[in-house]
1. Working only within the stretch 30-44, note down all residues that are loosely packed, with under 10 Cβ neighbours inside 10 Å and in a helix (DSSP H, G or I).
2. Would you pick out the residues in the stretch 25-43 that are within 22 Å of Val12 (Cβ to Cβ), in contact (Cβ under 8 Å) with a residue 12 or more places away in the chain and of a type outside the set (Val, Ile, Thr)?
3. Which one of these is in a helix (DSSP H, G or I) and at pLDDT below 95: Ser70, Ser87, Ser61?
Amino acid sequence: MTQRTFSLVTAVLFSLVALLHAVRILRGWQVTVEGAVMPVWISWIGLAIAAYFAYQGFLLSKSRRNRFPSSDRGIQLAKNLDYAQNSQAPANRRRKLALRPDFNS
């Protein structure tokens, strides 16, 4: 599953949650959890949070570039280290590659 697909699916799910909160507010549905009636103001908070997450999910699904750090970064750093330790690499290149920090650990 690509990032775009994942973002779109989660945005749709959060939209449904926001819609259910809005329907509860408008229709006055009562929600009971273990005998305690949940106040309506909780749905206002749930509506705001779910709507914000849905909005961000739709924005992320439409963006052209990847807004998450690349998962390939660790793989590339490992390849650089292997290349740096290879005796065929030029000495100055070995030093530069071996000193690159690993941000994934």
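1. Trp41
2. Ser43
3. On the way: Ser70 fails: in a helix (DSSP H, G or I); Ser87 fails: in a helix (DSSP H, G or I).
Just a single option satisfies the conditions, and that option is Ser61.
The values are calculated or read from the model by the stated rules, or taken from the named source; none is laboratory data. Predicted model, so just to flag it, every value in this text is computed and none were measured. Here Cβ is always computed from backbone atoms with ideal geometry, including for glycine, and neighbour counts include all displayed protein chains.
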